[in-house]
Amino acid sequence: MDNSPEVKLKNDTQDSEFKHFTVMLNEAVDALCVEENSDKIFVDATLGGGGHSALIASRLSSKGRLISFDVDIDAINAAKKKLEPYKNVTVVNDSYVNIKENLEKLGIEKITGGIIFDLGASYHQLTRAERGFSFTKDAKLDMRFNQEQEFSAWNVVNEYSLDDLVRIFSKYGEERFSKRIARAIVENRPLNTTSQLSELIVNSTPKIKSKIHPATRVFQALRIEVNSELLNFENTLNEVVTLLNAGAIISVISFHSLEDRLTKNALKNFARECRCDRTKAKCECEGKLVEIITKKPVMASEDEIKKNPPSRSAKLRVAKRV
């Protein structure tokens, strides 16, 4: 049960339209080489607005198949309309952490074509006030990707210890004033809305010249904690590699340094000839699992950045199962 109190908000009317900008649409899908493998099985781990899924589906033959995952029912409903013309697409309302179980239910043992991850929150989630992701809109503290989940940002802000708040603000937000902000939160509980939290952060930190709002890093950290984003992605990436057939592609779009670093290090590890403990006399692992295709991350084009400024921070990394 949601323990947070009822909150009366300033903005009661919301735009119900699902808005989403697909970042690096062509670059990420081109990397999957769908047309050359049009009769194979592909997975979109993060359906979102359905942009990547629709392009993948348009390149599949009648023998090919696409399985798309998302926990957000708003995304599911919007994407289904976009994917309606394609009969070989299965949309699964579940987290990508359960990819293996869901594929098994569908009778699929291996991902033969490739998989794409478009990490982080969608434009819709960030801009819909009632979802509580944004410090620019007054809303109840929420930040859940999965609206069926009970645990929300309210629980983190009002129930975590001082040390735990400092830990997540430092680790997931790389916030230099983590201790100061965490102390202010603990001393001013309960905090129920995004506006209350944002104002507290502004008032508890020094005024310094910066291109980003003082609350940006804390809100990012809260979102990552609420949705277990980094842990879920790391665990799934480790599992997915074993589900890929030789030649299948992994295409990952990340939006901040923590995601990109995790992706880079994981792929680099998978590309090693041996991952066994150095104390072992002989190799007992499977050996090299992937070949890294992108030695440096692919960035959004200047044209895309002009149309959708948040794409400036996006990085695409690609690898092939060997």
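The values are calculated or read from the model by the stated rules, or taken from the named source; none is laboratory data. Since the structure is predicted, the reported quantities are computational estimates derived from the model, not experimental observations. Counting neighbours? That spans all protein chains shown, and the Cβs are built from the backbone with ideal geometry, glycine included. SASA here: full protein model, heavy atoms, side chains in, ligands and nucleic acids out. Shrake-Rupley method; radii C 1.70, N 1.55, O 1.52, S 1.80 Å.
Nearest 10 degrees is fine. How inclined is helix 216-227 to the longest principal axis of the chain, computing both from alpha carbons? In the chain, helix 216-227 runs at an angle near 60 degrees to the longest axis. Note on segment 55-74 and segment 136-156: Cα centroid distance 28 Å, given to the nearest whole angstrom. Of Asp118, Asp163, Asp94, Asp303, the order by accessible heavy-atom surface (1.4 Å probe, DNA, RNA and ligands excluded), from most exposed downward, is Asp163, Asp303, Asp94, Asp118.
With protein chains left intact and a 1.4 Å probe, residues in segment 179-322 average 54 Å² of accessible area per residue. Distances between placed amide hydrogens fall under 5 Å for Phe151 paired with no residue 5 or more residues away or on another chain.
The fraction of accessible area contributed by carbon and sulfur in the chain is 47 percent, rounded to a whole number (1.4 Å probe; ligands and nucleic acids excluded).
Ordering Phe135, Phe169 by accessible surface, largest first, gives Phe135, Phe169; the 1.4 Å probe counts only protein heavy atoms, with every chain in place. Taking the Cα centre of the chain as reference, the dipole from Cβ charges on Lys and Arg (+1) and Asp and Glu (-1) amounts to some 1160 debye. Against the chain, whose longest principal axis comes from its Cα atoms, helix 178-187 is set at around 50 degrees.
Roughly what % of DSSP beta bridges within the chain run antiparallel, to the nearest 5? The antiparallel proportion sits near 40 percent. 3J(HN,Hα) along segment 189-194: 5, x, 10, 10, 10, 4 Hz, from the Karplus curve 6.51 cos²θ - 1.76 cosθ + 1.60 with θ = phi - 60°, whole Hz, x for Gly and Pro. Paramagnetic label reach from Glu159 (point 7 Å along Cα→Cβ; backbone nitrogen cut-off under 18 Å): within segment 216-251, residues 222-229.
Ligands, DNA and RNA excluded, the heavy atoms of Lys40 present near 70 Å² of accessible surface to a 1.4 Å solvent probe.
Per-residue Karplus couplings for segment 266-272, computed as 6.51 cos²θ - 1.76 cosθ + 1.60 with θ equal to phi - 60°, are listed in order as 5, 5, 4, 5, 5, 7, 6 Hz, Gly and Pro entered as x.
Helix 162-173 axis versus longest C-alpha principal axis of the chain: approximately 50°, rounded to the nearest ten.
Could you tell me whether segment 120-261 comes out rounded, prolate or oblate from its Cα gyration tensor? Rule is a ≥ b ≥ c as square roots of the eigenvalues, rounded for a/c under 1.5, then prolate if a/b exceeds b/c, otherwise oblate. The shape class here is prolate.
Most tightly packed first, judged by the mean number of other beta-carbon atoms within 10 Å of their residues, the peptides 269-280, 101-112 read 101-112, 269-280. Name the residue from Thr236, Asn265, Ala246 whose Cα lies farthest towards the positive end of the charge dipole of segment 224-269, charges +1 on Cβ of Lys and Arg and -1 on Cβ of Asp and Glu. Result: Ala246, furthest along the dipole toward the positive end. Checking every one of the GluC sites (Glu not before Pro) in segment 284-322 against DSSP loop status and a limit of 16 other Cβ atoms within 10 Å picks out Glu284, Glu286. Anything over 26 Å Cα to Cα? Flag those among Lys211/Lys307; Lys87/Lys264; Lys80/Lys211; Lys82/Lys307; Lys100/Lys296, in the order listed. Over 26 Å apart, Cα to Cα: Lys87/Lys264; Lys80/Lys211; Lys100/Lys296.
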